[in-house]
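Here the structure is laid out as structure tokens; the discussion comes afterwards.
The values are calculated or read from the model by the stated rules, or taken from the named source; none is laboratory data. Predicted, not measured: the structure shown is a model, and the values here were computed from it. Glycine gets a Cβ as well: all are built from the backbone with ideal geometry, and neighbour counts include every protein chain shown.
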Amino acid sequence: MKQRRLFLIIAALFLAFFVTTCTQEPLFYYITREYPPIEPVIGGAPTQIVEVSSKLYVANRKSLWEYDTTATTPQWVQIPLPAGVEYVKDLASTTSNLYLLAEDGGIHQGPVWSGPPVKYVSGGAQSIYGAGNMLFIGTGSAVYADFSLPALVTGISPAPGGLLTGAAYDGTDYYISTAYGENTGIFNITTNTKVYPSSGNASVKGIIAVGSTAIIAVNSERQIIYKDPSGANFDSATDPGIITTSVSFTGAMALWDAGANHMVLLGLQKGSGTFPYGYRELDIDGSWNVDATGVFVPGNDNSGGRATSIDPGSRETSAIGKHPVNSLYVIPSSDSGDALSRRIVVASTLKNGLWSYRARRGVPQWNGEDNSAP
């Protein structure tokens, strides 16, 4: 019996080896190339990563952390929660303020907290997003704008519905995105118009402004939808800005600056291959037009033909590629320590803590964020 069991185990291992080595992404090969995993200093399921006055903030349910990007040696430092708050649901930021959404639906303004929540909304806040100097509050079925307007975002009929999933400001107009409900899509709050879809509803999972005129979003249909200076305009009949991909997105988005050219980093809910998560890169040219050819795997520089957010040898696929990414942030003017002095990128994962791309033990890599010096 023992010999038979041993034979079955050996046969199963051989089969696994045969299957993985006969695919384009052999699992055992990637395992041999992995860097030793690092336990993140901020574990669990971190919130959005937001910035106020050159300081980053992220929370992981029971704790709140601050990272001063201007410090000589930046470190993640735990800071106090508002009095009476035990669990943090999410964070948001405007130009000058940090906002914390507590589990009871109360919204606190910080990071120096005083007194009770500054706002409760009817139905209870489920999500908060900041853009420019405006804070947007979603209840799951309605959207509120800023604390000075304790009413539905009005002028759009019917008012935006569903879950608030993002906000963006291009320097002129404010936009919000909503998902999972009636009258969902993208709304220009400044002009009081629904701009996507042109008819019906769409679950839009995230939105970002890049440059002064480009707006980029992702929906639940594996599509990138955008308007940019070239004239592309969401689902316009004459010049639609729609890229259909083979991957699905979480809604995490961040602008990565590469000088004359740029990229938007897009968190993945599900891709393909052995390690289907992590993020992808969408190229933006120097005039802030979207490259509609599709998205790229980080590290793919087309033999030096394009910028990319990580060193091609840093093995993104078997590192951050293991984890769904719910928030992304690119630290301006930072140096990850690779040969091209790329930016440090920080990511909140679904349940494996805060990760970052930076040099560790002299090697640039994606790994658990461990307060390594930049």
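The table below lists the values:
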{"quantity": "Per-region count, the range 278-306, residues crowded, with 21+ Cβ neighbours inside 10 Å, over 22 Å from residue 129 (Cα atoms) and not acidic (Asp, Glu)", "calculated": "7"}
{"quantity": "Test: residue 294 is in a loop (DSSP other than H, G, I, E, B), free of Cβ contacts under 8 Å to residues at least 60 places away in the same chain and under 24 Å from residue 342 (Cα atoms)", "calculated": "no"}
{"quantity": "Qualifying residue in the range 149-169 (condition: at pLDDT 95 or above, among the polar types (S, T, N, Q) and within 20 Å of residue 51 (Cβ to Cβ))", "calculated": "yes"}
{"quantity": "Index of the failed condition, residue 74 passing every other in (1) touching a residue at least 40 places away in the same chain (Cβ under 8 Å); (2) of a type outside the set (D, E, K, R); (3) over 17 Å from residue 58 (Cα atoms)", "calculated": "(3)"}
{"quantity": "Qualifying residue in the range 116-129 (condition: under 21 Å from residue 252 (Cβ atoms), at pLDDT 90 or above and surrounded by fewer than 20 Cβ atoms within 10 Å (Cβ to Cβ))", "calculated": "yes"}
{"quantity": "Top-ranked residue in the range 155-192 [being in contact with a Phe, Trp or Tyr (Cβ under 7 Å, 6 or more places away or on another chain), β-branched (Val, Ile, Thr) and part of a strand (DSSP E or B); ranked as nearest to residue 91 (Cα to Cα)]", "calculated": "176"}
{"quantity": "Residue satisfying all of: in the range 314-332; part of a loop (DSSP other than H, G, I, E, B), touching an Asp or Glu at 6+ places or on another chain (Cβ under 9 Å) and not aliphatic (A, V, I, L, M); surrounded by the fewest Cβ atoms within 10 Å (Cβ to Cβ) among these", "calculated": "332"}
{"quantity": "Boolean, residue 292 is touching a Gly at 6+ places or on another chain (Cβ under 9 Å), at negative phi and of a type outside the set (D, E, K, R)", "calculated": "yes"}
{"quantity": "Sole residue being within 27 Å of residue 285 (Cβ to Cβ), surrounded by fewer than 24 Cβ atoms within 10 Å (Cβ to Cβ) and in contact with a His (Cβ under 9 Å, 6 or more places away or on another chain), chosen from 171, 231, 211", "calculated": "211"}
{"quantity": "Residue match in the range 17-39 (condition: within 19 Å of the chain's Cα centre (by Cα), assigned to a loop (DSSP other than H, G, I, E, B) and either surrounded by 13 or more Cβ atoms within 10 Å (Cβ to Cβ) or at pLDDT 95 or above (or both))", "calculated": "no"}
{"quantity": "Hits in the range 324-374 (condition: touching a residue at least 24 places away in the same chain (Cβ under 8 Å), hydrophobic (A, V, I, L, M, F, W, C) and closer than 17 Å to residue 312 by Cβ)", "calculated": "339, 340, 345, 363, 366"}
